[in-house]
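Engineer: Dropping the structure in here first, questions after.
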Amino acid sequence: MKLVQSGLLFAATAFAVAFSVAATAQDLPQRKELRRVDLSGAQNMEVVSSVSTFNAGDEFPRHLHHGVEAGYVVQGAMIQIPGQQPTMMATGAPILNLRDAVHGGFKVIGPGQLILFTVHSVDKGKPLYDWQK
């Protein structure tokens, strides 16, 4: 009986570790989550606020969200989408991406850091980022 209990405990622990590693793999190291709360009046939805800080040379892969993303460029920088000329993501520019709209896919050129404040209203239990090719 002890052997069965030990085996179940090991399996549960392995599952929990694998799940937490998978969830972390979905996130960006540049993103610092500020707050996560349930969206009142909307079952199975949550609101996530974050600040993401990208250094020159950092890449922001193409992705989508299972909900709406709104935000603000706190500090702008030049960015470059592959195959295009560099462009300025200006300080003060608004950010708005609708549900399942693919966006991102750029490299920060600089000078300085690109800092974004974002608020995501997304489906609870799904990854915040769904990476795209």
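The values are calculated or read from the model by the stated rules, or taken from the named source; none is laboratory data. This one's a predicted model, so the numbers in the text were calculated from it and none came from an experiment. Methodologically, a virtual Cβ is constructed for each residue, glycine included, from the backbone with ideal geometry; neighbour enumeration extends over all protein chains shown.
Each row is one residue, and each column tells you yes or no for (1) surrounded by 12 or more Cβ atoms within 10 Å (Cβ to Cβ); (2) assigned to a helix (DSSP H, G or I); (3) touching a Leu at 6+ places or on another chain (Cβ under 7 Å); (4) at pLDDT below 95.
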| position | (1), (2), (3), (4) |
| --- | --- |
| PHE15 | no, yes, no, yes |
| ASP27 | yes, no, yes, yes |
| ARG35 | no, no, no, no |
| GLU46 | yes, no, yes, no |
| LEU116 | yes, no, no, no |
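Engineer: Under the condition of being in a strand (DSSP E or B) and of a type in the set (Val, Ile, Thr), which residue from the range 69-93 is farthest from ARG31 (Cα to Cα)? Full working, then the answer.
Structural biologist: Step one: list which residues in the range 69-93 are in a strand (DSSP E or B), which gives 69-75, 77-80, 87-89.
Retained after the next criterion (residues that are of a type in the set (Val, Ile, Thr)): 73-74, 79, 87.
Numbers: VAL73: 14, VAL74: 14, ILE79: 17, THR87: 22 Å.
In this case the residue turns out to be THR87.
Engineer: Kindly list the number of the only condition in (1) free of Cβ contacts under 8 Å to residues at least 60 places away in the same chain; (2) within 16 Å of ASP27 (Cα to Cα) that fails for PHE106.
Structural biologist: Here PHE106 meets the rest and fails (2).
Engineer: Among the residues of the range 63-92 satisfying the criterion of being closer than 15 Å to LYS133 by Cα and of a type in the set (A, V, I, L, M), which is surrounded by the most Cβ atoms within 10 Å (Cβ to Cβ)?
Structural biologist: Step by step, filter the range 63-92, then rank; the result is LEU64.
Engineer: Taking LEU128 as meeting all but one of (1) surrounded by fewer than 16 Cβ atoms within 10 Å (Cβ to Cβ); (2) in a loop (DSSP other than H, G, I, E, B); (3) among the hydrophobic types (A, V, I, L, M, F, W, C), write down the number of the exception.
Structural biologist: So the condition that LEU128 fails would be (1).
Engineer: Could you check how many residues of the range 109-121 are over 11 Å from the mean Cα position of the chain (by Cα) and more than 23 Å from ALA56 (Cα to Cα)?
Structural biologist: Filtering the range 109-121 for residues over 11 Å from the mean Cα position of the chain (by Cα) gives 109-117, 121.
Going one step further and asking which of them are more than 23 Å from ALA56 (Cα to Cα), we end up with 121.
Summing the residues that are over 11 Å from the mean Cα position of the chain (by Cα) and more than 23 Å from ALA56 (Cα to Cα) in the range 109-121 gives 1.
Engineer: Scanning for something part of a loop (DSSP other than H, G, I, E, B) and of a type in the set (S, T, N, Q), does the range 97-104 turn up at least one residue?
Structural biologist: No, the range 97-104 contains no residue that is part of a loop (DSSP other than H, G, I, E, B) and of a type in the set (S, T, N, Q).
Engineer: Take the conditions over 13 Å from LEU28 (Cα atoms) and either among the aliphatic types (A, V, I, L, M) or at pLDDT below 95 (or both) and apply them to LEU96. Does it pass?
Structural biologist: On the way: over 13 Å from LEU28 (Cα atoms): yes; either among the aliphatic types (A, V, I, L, M) or at pLDDT below 95 (or both): yes.
Yes: the conditions hold for LEU96.
Engineer: Could you figure out which of (1) outside any strand (DSSP E or B); (2) within 14 Å of LEU28 (Cβ to Cβ); (3) not hydroxyl-bearing (Ser, Thr, Tyr) isn't true of ALA42?
Structural biologist: (2)
Engineer: Considering only residues of the range 93-108 that are small (Gly, Ala, Ser) and either closer than 21 Å to ASP58 by Cβ or buried (at least 16 other Cβ atoms within 10 Å of the Cβ) (or both), which is nearest to the chain's Cα centre (by Cα)? Can you show your working first?
Structural biologist: Filtering the range 93-108 for residues small (Gly, Ala, Ser) gives 93, 101, 104-105.
When the remaining residues are screened for being either closer than 21 Å to ASP58 by Cβ or buried (at least 16 other Cβ atoms within 10 Å of the Cβ) (or both), the result is 93, 104-105.
Working: ALA93: 19, GLY104: 11, GLY105: 13 Å.
Going through the qualifying residues, I end up with GLY104.
Engineer: What residue, of GLY83, GLY110, is over 30 Å from LEU39 (Cβ atoms) and at pLDDT below 95?
Structural biologist: Values: GLY83 fails: at pLDDT below 95.
After ruling out the rest, the residue left standing is GLY110.
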